[in-house]
Amino acid sequence: MLQIKRCSLLASLLFASTSLLTHAQPAPVVRVNVAQPVADIQPTMWGVFFEDINFGADGGIYAEMVKNRSFEFFKPLMGWKVDGKKRTEGDVLIQNRQTPSANAGTQPEKSTNNPRYVRITTSNASQGDLSMTNEGFKGMGIKPGLRYDFSVLYRVQSGNLKLHVDLLNAKDDVVGSGVLIPEQSDKGWHKQQVSFKSTAGEQKGKLRIWFEGTGVLDVDMISLFPEDTWKGRPGGMRADMIQMLADMKPGFVRFPGGCIVEGHDLDQRYQWKKTLGPVEDRQLIINRWNFEFAHRPAPDYFQSFGLGFLEYFQLCEDIGAEPLPILNCGMACQFNTAELVPMDQLDPYVQDAIDLIEFANADVSTKWGKVRADLGHPKPFNLKFLGVGNENWGPQYVERLAVFQKALKDKYPTLRLVCSSGTDPNGERFDFLNGKLREMKADLIDEHYYRRPEWFLQNARRYDTYPRNGSKVFAGEWAAQSDKTVSVDNKNNWQCALSEAAFMTGLERNAAVVNMASYAPLFAHADGWQWTPDLIWVDNLRVYGTPNYYVQKLYSLNKGTNVLSLTQGPVWKDNEPLAGQDSLYASAAWDKATNEVILKIANVSDKAQARTFQFDGVKKVAANGTLTLLKNEALDAVNSFENATKVSPVEQRIPVDVKKKALSMTVAPRSFSVIRINVQK
């Protein structure tokens, strides 16, 4: 027994000595060559991709609060409840305006793009006799003391009806009201507005209109907007959601999608020209996410196009981002109908693209430049990028793309075209398209990858071997999936965000290849989503960024202008990038505007890692840098409305060895670090 104890004691002493020796070893050195930048980082490197999914537009960034305001849903009164103690059959009728014949002797209609309207007929009505109540998009978020602007298109057939407008809370108590008295009675269509303030807040409010008097009144385009839209624009966007984008300072905004560009079939494709002009003239269509997933049906999901191409361009201008519109290439969604426009009928689609460039860039003396000016924006938007097709594949895409490429490059040779590589980052479909597009000298090849976190770690060196010359890469849609693609169980947890942070070091390291990147999807409504995970979650009043959002934001705000070589040795092979060794992933950039080195380091293990970052080719380093740290010990940690910053960045000072021109630090477990250090080359 004594011998066993002596052996155990000896073993413990040996272990302790080994541990002390191990801890006494100097930290591995990572060399950052500041003197010789490797490649330029494009201003467009980190951007955002908006698609009208998860109620991202109507019910999302488009601040309209009334659902089915023009009665054009397949069920014309969906979202509305007609009530009242004197209600009788025929009091509220859905009418369908038609263009009258030349000799019909009737008042010409304003528009047939949204032909339905409601005819109200009452006799001696008062409060409680007849009303229409709109439920909003999963309710209406009402803020206390805020002004709300109600408007309506109306036509007086007879009488003198008044419209009483009430905001209701969840208990149907009135929390704001106004009265609209039609001022015109010439049987033509007129638009009128009344504004009033709310007296209390409500997460799930409603709008009730009740009618007073006797008469027959036609109503359409019933609308309600809060006053606090983005930049205070009437009929504008939801400010808190746009602020989340502005805070990221994205290099570009890709819009309007996504799969809605293709449509279930070509009749339901996105047509940019139909999204311009007065909102009452923009023709509503079904949103393809209305019926796409049986496990997440959304029968009330349509596109009103109140958020149209002018508004998208204006948003890009507001937040300093390059616009990147994507247009249909004559192909509907290949997962749905795979409908094609015959090659000899493709010209209108190509002309739409040519006209869009003219709309965005041309002088006001041109046809579409004048359209832009007439809409209130004479200054060109300076469009540099255009996407041809979304997630299309096969030889049928290649032959259609070739037609677009020739027509657009002949007329606009400096325009950079984004071309689809299909749905997946590998396999026969990808290999075919990637080869063909490079043969065609495509400007940018759009790669998509929705994969588990492990894939992102395994592919941190994906672009190390891509050719430096020729076609560039747009990492156009991607997100780590905690469960699997198209699973309702996917979470925006820290494991997914951390794996994305690690993967993005490889994108940045290969900025000579990757010129643009964007996470997808962007927004999701907590009560109306079809797809998860998503970057930013909202309800009717609140918004929060996921851990993934903060990773994207940190990259975008710390982009830099040039890639710097960052290598580790001799423990690992000399001149190897730090891309998974000891579960560390890192990249380095130079910011010529601030004379700073920017390090990005992801530690995906549960152990702290000591490293010394040696800055080569510099005269002097600052005594302190800044460390922005994003971390959580729990890989399943998520943010929420109740705890929106559970996983969010914290900034602190970090000391630098001025004499050695080096930074020695312990990289926290399960963390993403961004370090900025001022240096003199």
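Checked against (1) at pLDDT 95 or above; (2) over 22 Å from T44 (Cβ atoms); (3) in a loop (DSSP other than H, G, I, E, B), K273 passes all but condition (3). The set of residues in the range 56-79 that are surrounded by fewer than 23 Cβ atoms within 10 Å (Cβ to Cβ) and among the aromatic types (F, W, Y) comprises F73, F74. Among the residues of the range 585-595, is there at least one that is in contact with a Pro (Cβ under 7 Å, 6 or more places away or on another chain) and surrounded by fewer than 15 Cβ atoms within 10 Å (Cβ to Cβ)? Within the range 585-595 (the criterion being in contact with a Pro (Cβ under 7 Å, 6 or more places away or on another chain) and surrounded by fewer than 15 Cβ atoms within 10 Å (Cβ to Cβ)), the answer is no, since none of the residues qualifies. When E292, E317, E391 are checked against the criterion of being charged (D, E, K, R) and either crowded, with 22+ Cβ neighbours inside 10 Å or in a strand (DSSP E or B) (or both), a single residue qualifies: E391. Of all residues assigned to the range 491-505, at least one qualifies as being surrounded by fewer than 21 Cβ atoms within 10 Å (Cβ to Cβ) and in the same structural domain as V551 (by TED's automatic domain parsing).
Scoring T485 on the criteria (1) closer than 29 Å to Q42 by Cβ; (2) surrounded by fewer than 24 Cβ atoms within 10 Å (Cβ to Cβ); (3) touching a residue at least 40 places away in the same chain (Cβ under 8 Å) leaves a single failure, condition (3). Which pairs have Cβ atoms under 7 Å, sit 6 or more apart or on different chains, and link a residue in the range 54-79 that is closer than 22 Å to G258 by Cα to one that is β-branched (V, I, T) and crowded, with 24+ Cβ neighbours inside 10 Å? Filtered contacts from the range 54-79: G60/V538. Suppose the filter is modelled with pLDDT of 95 or more and loosely packed, with under 13 Cβ neighbours inside 10 Å; does T628 pass it? In short, no. The number of residues in the range 188-202 being of a type outside the set (F, W, Y) and not in a loop (DSSP other than H, G, I, E, B) comes to 8. State whether one or more residues within the range 456-472 are out of contact with any helix residue (DSSP H, G or I) (no Cβ under 6 Å at 6 or more places or on another chain), among the aromatic types (F, W, Y) and not in a loop (DSSP other than H, G, I, E, B). No - not one qualifying residue is present in the range 456-472.
Would you check if there is a residue in the range 656-677 being part of a loop (DSSP other than H, G, I, E, B) and under 23 Å from the mean Cα position of the chain (by Cα)? Checking the range 656-677: not a single residue is part of a loop (DSSP other than H, G, I, E, B) and under 23 Å from the mean Cα position of the chain (by Cα).
In the range 288-321, what residues are touching a Gly at 6+ places or on another chain (Cβ under 7 Å) and among the aliphatic types (A, V, I, L, M)? A298, A321 - these are the residues of the range 288-321 that are touching a Gly at 6+ places or on another chain (Cβ under 7 Å) and among the aliphatic types (A, V, I, L, M).
Of all the listed residues (L415, L457), the sole one being in the same structural domain as G528 (by TED's automatic domain parsing), in contact (Cβ under 8 Å) with a residue 40 or more places away in the chain and crowded, with 19+ Cβ neighbours inside 10 Å is L457.
Quick check: anything in the range 568-580 in a strand (DSSP E or B), under 27 Å from the mean Cα position of the chain (by Cα) and either modelled with pLDDT of 95 or more or not assigned by TED's automatic domain parsing to the domain that holds A517 (or both)? No, there is no match, as no residue in the range 568-580 is in a strand (DSSP E or B), under 27 Å from the mean Cα position of the chain (by Cα) and either modelled with pLDDT of 95 or more or not assigned by TED's automatic domain parsing to the domain that holds A517 (or both). In the range 421-440, the residues that are free of Cβ contacts under 8 Å to residues at least 40 places away in the same chain and among the aliphatic types (A, V, I, L, M) reach residues that are surrounded by 18 or more Cβ atoms within 10 Å (Cβ to Cβ) and in a loop (DSSP other than H, G, I, E, B) with C-beta atoms within less than 8 angstrom, at least six apart or across chains, in these pairs: L437/S421; L437/S471. A Cβ distance below 7 Å, combined with a sequence gap of six or more or placement on separate chains, defines the contacts here; from the range 467-480, residues that are more than 8 Å from N515 (Cα to Cα) reach residues that are small (G, A, S) and part of a strand (DSSP E or B) in the pairs A475/A517. Has the range 216-231 got any residue that is surrounded by 15 or more Cβ atoms within 10 Å (Cβ to Cβ), among the aliphatic types (A, V, I, L, M), modelled with pLDDT of 95 or more and in contact with a helix residue (DSSP H, G or I) (Cβ under 9 Å, 6 or more places away or on another chain)? Yes, the range 216-231 has at least one match.
Taking each residue of the range 632-644 that is closer than 18 Å to D483 by Cα and not assigned by TED's automatic domain parsing to the domain that holds P669 and looking for partners that are modelled with pLDDT under 95 and assigned to a loop (DSSP other than H, G, I, E, B) with beta-carbon atoms closer than 8 Å, six or more apart or interchain, yields nothing. Taken together, the criteria exclude G560 from residues that are assigned to a loop (DSSP other than H, G, I, E, B), touching a Gly at 6+ places or on another chain (Cβ under 9 Å) and in contact (Cβ under 8 Å) with a residue 12 or more places away in the chain. The numbered conditions (1) within 30 Å of A321 (Cα to Cα); (2) outside any strand (DSSP E or B); (3) in contact with a helix residue (DSSP H, G or I) (Cβ under 6 Å, 6 or more places away or on another chain) are all true for S605 except (1). Look at (1) part of a strand (DSSP E or B); (2) within 26 Å of P299 (Cα to Cα) and you find that N540 fails only one, number (1).
The values are calculated or read from the model by the stated rules, or taken from the named source; none is laboratory data. What you are looking at is a predicted structure, and each value in this text was computed from that prediction instead of being measured. Glycine gets a Cβ as well: all are built from the backbone with ideal geometry, and neighbour counts include every protein chain shown.
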